[in-house]
Amino acid sequence: MKFFHPFVNSMMKYTPIGILLLFSLCYSPSLWAQIPEAEPRQLDFGTIDEASFLQSYLVIRNTGNKALVLLRADAPKEFTISAGRKIIPAGDTIHLRFSIRPTKAGRFSERINLYHNGSQQAYPITVKGELRNLLSKDLAACVNFDPKTNGQAGGAVIPLITKHTTIFKDAQTGKLIPEASILYVSKLTREKSERHTSTGELVSNVPIGPYALVVTAPGYQTLMAEKYIAYSGGAETFLLAPQPEKKKEVEPVEVVEPIVSAPVPSELDERLFKPNNVVFLIDVSGSMKEPDKLPLLKRSIFTLLEPIRPIDKITIVTYGTEARIAVPTVTGNDKDRVKNVIDTLHAGGVTAGSKGLQLAYDLAKEHFIAGGNNQIILATDGAFRVSGKDRKMIRSSAESPTQKLILTSIGFGEKEDALGMLGELSQLGGGRLIVVHNAHEADRALLDEIKQRSKK
């Protein structure tokens with residue numbers, strides 16, 4: 001199994017100014033370099049003038065055809081190696097965080113041995129650099145952002161709280177919006193906190209860390225963003241777009257001489273793309289109600305529906321407490337019907353994923369398009385029990401010479417068991433796992449996947 005990585009150099013240091021301040025400097029070249037398996041990997045901090053704490057990130061990609069499980073990392077006691085998750089699905093990447101609490105200044109060069117399930121041999125990483133001056137040891141220890149440790153550093157809880165100043169304005173007029181609200185969703189702990197403003201400006205005490213932000217106001221479109229909130233000055237302005245006005249119905253006008261214009265090519269031009277028979281299998285259990293899960297999935301489906309043609313077929317199956325057909329198989333002529341149903345979906349209940357799988361495959365077979373793209377798209381944030389019978393059905397359908405069905409999975413969140421399961425099922429089903437973290441990824445995820453599968 002081979003790995004690819006870029007070097008990412010960063011430095012963190014502490015400066016006492018009444019309260020603990022955290023600064024981070026990062027540099028990342030855009031080049032991805034292949035490193036032969038036999039050659040040691042090297043992470044170079046370069047020369048650092050002064051610091052009490054060093055941190056760098058290494059991006060590792062699983063280029064194999066099976067899920068990769070990180071087992072352990074052997075490193076000196078000054079090092080802490082951590083990852084957001086231990087399972088890397090085939091073709092996916094993770095960020096390894098290397099944290100060093102040096103005991104002295106000078107040059108350093110250490111070998112880290114990373115072990116995984118793909119080989120009995122260690123994956124060697126050489127970490128080197130030069131620290132010219134070590135800052136005072138009396139400074140506060142670096143906070144571990146792992147939510148499992150509850151923010152503990154050196155045995156003491158350090159509440160890293162900062163003031164996050166937000167301003168809400170109309171994107172067209174620039175005027176303040178007095179009834180705006182902002183929802184902070186922690187990417188570390190999944191905790192949520194909503195703040196409201198009556199003036200259009202707001203100052204919130206927020207723990208530092210990565211967040212999913214959802215900004216709303218009456219009469220305005222919802223704004224979603226991702227942000228790392230740290231100690232910083234100044235204010236952040238959110239520009240909200242007004243809700244579009246409903247078009248007024250006008251009397252039909254007889255056109256004496258028709259206006260002829262060149263047709264706008266569709267993203268699914270029939271000359272280039274085969275007909276699609278797509279069955280969406282959507283998890284609507286309680287865990288999907290987070291703003292970065294079901295709302296993002298809805299956004300992705302809406303983007304896909306725009307270029308859907310009359311020759312394409314769409315089916316919606318949902319599973320929560322039970323599996324059901326939300327939208328029976330329809331053509332692209334009924335895309336508005338599909339949009340209306342998708343818009344009303346809400347999350348709640350437990351997970352009946354296995355029953356949903358069986359129902360989705362039955363419907364895909366029933367409406368199979370010979371010579372077309374026949375595909376099931378499973379969207380979920382959690383794992384469910386998959387029987388041997390289910391696995392046999394997925395594999396045999398993917399390998400069928402007459403009724404081939406592809407299974408693609410869309411994963412939300414960072415649950416290791418869920419992503420591992422989805423990676424396995426996608427591999428069995430001849431598809432791939434797509435992990436969606438933000439609105440930008442959601443905008444193109446489904447459409448790009450369908451275009452790739454249906455290309456003639």
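The values are calculated or read from the model by the stated rules, or taken from the named source; none is laboratory data. Note that the structure is predicted; figures quoted are calculated from it, not measured. Reconstructed Cβ throughout: ideal geometry from the backbone, glycine too, with neighbour counts over all protein chains shown.
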Selection count, the stretch 61-86, where residues are in contact with a strand residue (DSSP E or B) (Cβ under 6 Å, 6 or more places away or on another chain), exposed (fewer than 15 other Cβ atoms within 10 Å of the Cβ) and without any contact (Cβ under 8 Å) to a residue 40 or more places away in the chain: 2
Top-ranked residue in the stretch 200-240 [being of a type in the set (S, T, N, Q) and part of a strand (DSSP E or B); ranked as nearest to ALA439 (Cα to Cα)]: THR216
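So in the stretch 366-393, with the set limited to residues that are of a type in the set (Val, Ile, Thr) and over 16 Å from ARG453 (Cβ atoms), which one is modelled with the highest pLDDT? Walk me through it before giving the result.
Within the stretch 366-393, the subset of a type in the set (Val, Ile, Thr) is 369, 376-377, 380, 386.
After this cut, where a residue has to be over 16 Å from ARG453 (Cβ atoms) as well, the list is 380, 386.
On the way: THR380: 87, VAL386: 83.
By that ranking, first place goes to THR380.
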Evaluation of ILE308 against (1) within 30 Å of LEU213 (Cα to Cα); (2) out of contact with any Ser or Thr (no Cβ under 6 Å at 6 or more places or on another chain); (3) surrounded by 19 or more Cβ atoms within 10 Å (Cβ to Cβ); (4) without any contact (Cβ under 8 Å) to a residue 60 or more places away in the chain (one fails), failing number: (1)
The stretch 91-118: number of residues that are over 28 Å from the mean Cα position of the chain (by Cα) and not in a strand (DSSP E or B): 5
Residues of the stretch 392-412 satisfying the condition of being surrounded by 21 or more Cβ atoms within 10 Å (Cβ to Cβ) and either of a type outside the set (A, V, I, L, M) or without any contact (Cβ under 8 Å) to a residue 12 or more places away in the chain (or both): SER397, THR408, SER409, GLY411, PHE412
ALA442 small (Gly, Ala, Ser) and more than 24 Å from ARG324 (Cα to Cα): yes
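Looking at GLU424, is it assigned to a helix (DSSP H, G or I) and farther than 19 Å from SER300 by Cα?
Values: assigned to a helix (DSSP H, G or I): yes; farther than 19 Å from SER300 by Cα: yes.
Against the criterion (assigned to a helix (DSSP H, G or I) and farther than 19 Å from SER300 by Cα), GLU424 qualifies.
Every residue in the stretch 279-302 that is aliphatic (A, V, I, L, M), assigned to a helix (DSSP H, G or I) and closer than 13 Å to GLY411 by Cα, please. Walk me through how you get there before you give the answer.
Of the residues in the stretch 279-302, the ones aliphatic (A, V, I, L, M) are 279, 281-282, 284, 288, 294, 296-297, 301.
With assigned to a helix (DSSP H, G or I) added as a condition, the list becomes 288, 294, 296-297, 301.
Hits for the stretch 279-302 are MET288, LEU294, LEU296, LEU297.
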